[in-house]
Amino acid sequence: EAGVVQSPRYKIIEKKQPVAFWCNPISGHNTLYWYLQNLGQGPELLIRYENEEAVDDSQLPKDRFSAERLKGVDSTLKIQPAELGDSAVYLCASSRGGFEQFFGPGTRLTVL
Amino acid sequence: GQQLNQSPQSMFIQEGEDVSMNCTSSSIFNTWLWYKQDPGEGPVLLIALYKAGELTSNGRLTAQFGITRKDSFLNISASIPSDVGIYFCAGPGRPNFGNEKLTFGTGTRLTIIP
């Protein structure tokens, strides 16, 4: 069974530029999560999808962050415009429901 | 909000030693998860615990759900080089009525000294 796929693995951009991350969850996993992980810390939830519906986006900074999961499978997380403080690892995870979540390798974003 | 504190923050051990780490919460947890994260990779689920007092093993790893429901423990026996990484505990915290939001601990960084 293929794991969670994320791309790109690394992204370097200048501040104020837009950036997008893509995630393909494990086949059959209806629940998809985007997490932010700062250096030396555990992941923090940004948004959770049940199929195509965002059921928890309370931690998503909506002034600059947006996400979509149009067909209930792949998902895209966007930042526009990026700020220096957005430099972090962005993790995607999926599950069948329940608490056992499976993570992708992450996208490491550096904002210069 | 809920906080998970992991101890120790870092460990330096020699290959072959046993390892013990723990995670404590300010509130009751109904589920405990233990993840390991290698550099440049996402966290990998090691063990899931669902019942107070539960003891579950995965190879050389053993985790326990504390009976107070506010703590959990992870032990690694006979450590090997591939055990190096950061170990995170996680859980959904107080009864969450179907919300699978996980709170992650602060992590324990394991290093093996040659």
Out of the residues in the range A:10-32 meeting the condition of being within 12 Å of chain B (Cβ to nearest Cβ) and surrounded by 22 or more Cβ atoms within 10 Å (Cβ to Cβ), tell me which one is nearest to A:Gly104 (Cα to Cα). A:Cys23
Please enumerate the residues belonging to the range A:10-45 that are in contact (Cβ under 8 Å) with a residue 40 or more places away in the chain, in a strand (DSSP E or B) and closer than 17 Å to A:Ser94 by Cα. A:Phe21, A:Trp22, A:Cys23, A:Asn24, A:Thr31, A:Leu32, A:Tyr33, A:Trp34, A:Tyr35, A:Leu36, A:Gln37
Strands (runs of 3 or more DSSP E) contained entirely in chain B, each with at least 2 residues that are closer than 18 Å to A:Glu100 by Cα: B:32-37, B:44-49, B:55-58, B:61-65, B:71-76, B:85-91
Could you check the range A:33-58 and list, in sequence order, the residues that are more than 22 Å from A:Ala82 (Cβ to Cβ), within 14 Å of the chain's Cα centre (by Cα) and more than 11 Å from chain B (Cβ to nearest Cβ)? A:Tyr49
Mind listing whichever residues of the range A:70-87 are surrounded by 20 or more Cβ atoms within 10 Å (Cβ to Cβ), more than 14 Å from A:Asn51 (Cα to Cα) and free of Cβ contacts under 8 Å to residues at least 60 places away in the same chain? A:Leu77
Reported set for the range A:96-112 where residues are under 11 Å from the mean Cα position of the chain (by Cα) and more than 8 Å from chain B (Cβ to nearest Cβ) is A:Thr107
So which residues in the range B:94-111 are more than 9 Å from chain A (Cβ to nearest Cβ), modelled with pLDDT of 55 or more and within 22 Å of B:Thr68 (Cβ to Cβ), if there are any at all? B:Thr108
Check whether at least one residue in the range A:59-71 is within 13 Å of chain B (Cβ to nearest Cβ) and in a loop (DSSP other than H, G, I, E, B), and report yes or no. yes
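The values are calculated or read from the model by the stated rules, or taken from the named source; none is laboratory data. This one's a predicted model, so the numbers in the text were calculated from it and none came from an experiment. FYI the Cβ positions are ideal-geometry reconstructions off the backbone, even for glycines, and counts take in every protein chain you see.
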